[in-house]
1. Using Cα atoms only, what is the angle between the long axis of helix 89-98 and the major principal axis of the chain, expressed in degrees (0 to 90) to the nearest 10?
2. Can you give the direction-averaged projected area of the convex hull of the alpha-carbon atoms in the chain, in nm²?
3. Report the label-to-label distance for GLN159 and THR64 in nanometres (one decimal), using points 7 Å from each Cα along the Cα→Cβ vector.
4. Amide H neighbours of ASP134 under 5 Å, counting only residues 5+ apart in sequence or on other chains, H built in-plane at 1.01 Å?
5. How far is the Cα center of segment 1-68 from the Cα center of segment 136-178, in Å?
6. Which residues' amide hydrogens lie under 5 Å from the amide hydrogen of VAL84, considering only partners 5 or more residues apart or on another chain, with H built in the peptide plane?
7. Looking at the square roots a ≥ b ≥ c of the eigenvalues of the Cα gyration tensor of segment 62-149, which shape do they give, rounded for a/c under 1.5, prolate if a/b is larger than b/c, or oblate?
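Just so you know, all these numbers are worked out from the coordinates, no wet-lab data involved. Fair warning: this is a prediction, and the values are worked out from it, not measured in the lab. Note that we place each Cβ from the backbone using ideal geometry, even for glycine, and neighbour counts take in every protein chain shown.
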Amino acid sequence: MAIGVVMHTFDVQVADLDRGVYEDLTLRLGQHPSETTAFLVTRLLAYCLEYEDGIVFSEGVSATNEPAVLVRDATGRQTAWIEVGAPDAERLHHGSKLTGRVRVYTHRDPAKVLPLWAGKKVHRAEDIVLTTFDPGFVDDVADAVERRNTLTISVTESQLYLDVNGRSLASGVHRHGIV
């Protein structure tokens with residue numbers, strides 16, 4: 001672990017009615033000094049909203065050949081490549097060739113992220129989904145994050161309801177094709 005990494009613990013209850021996922025999780029996330037709290041929150045949301053057996057966080061900024069979150073099946077084969085932020089087209093191309101499913105979660109304006117991939121070669125680009133949230137939502141969650149956190153996440157009809165350390169927030173879960 002890098003010097004200066006801040007560890008955050010999240011006790012999370014996930015109730016994703018849209019996917020039929022109900023889990024209680026305890027997650028420890030290291031925040032690298034170069035990582036904003038908004039990026040950390042987006043990693044956390046990506047993990048919770050994509051939760052399934054075999055999901056893990058990668059080694060973070062030191063894992064240059066892996067996404068922020070990935071899913072492996074029982075044999076160890078990668079089945080989902082889940083990026084956070086605004087990865088370049090080459091990373092998406094690589095992830096799409098390795099796995100059956102690629103997702104990108106960002107806390108940025110989709111109008112600024114989507115053009116990064118326009119006209120670029122990305123394997124199965126039509127299958128890749130960019131997920132965003134209402135403007136300001138991730139920043140509001142980041143403002144409520146402490147070293148030890150309790151979260152309740154509920155998703156129904158593409159609406160996300162989140163309680164973080166007693167603060168209630170809500171956002172649409174917006175999905176965009178990248179082509």
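1. With both axes taken from Cα atoms, the answer is about 90 degrees.
2. Projected area, direction-averaged: 9.8 nm².
3. For GLN159 paired with THR64, the spin-label model returns 4.5 nm.
4. The answer is GLY172.
5. 13 Å
6. Amide H neighbours of VAL84, under 5 Å, 5+ apart: ALA68, TYR105.
7. Taking the square roots of the gyration eigenvalues as a ≥ b ≥ c, segment 62-149 is oblate.
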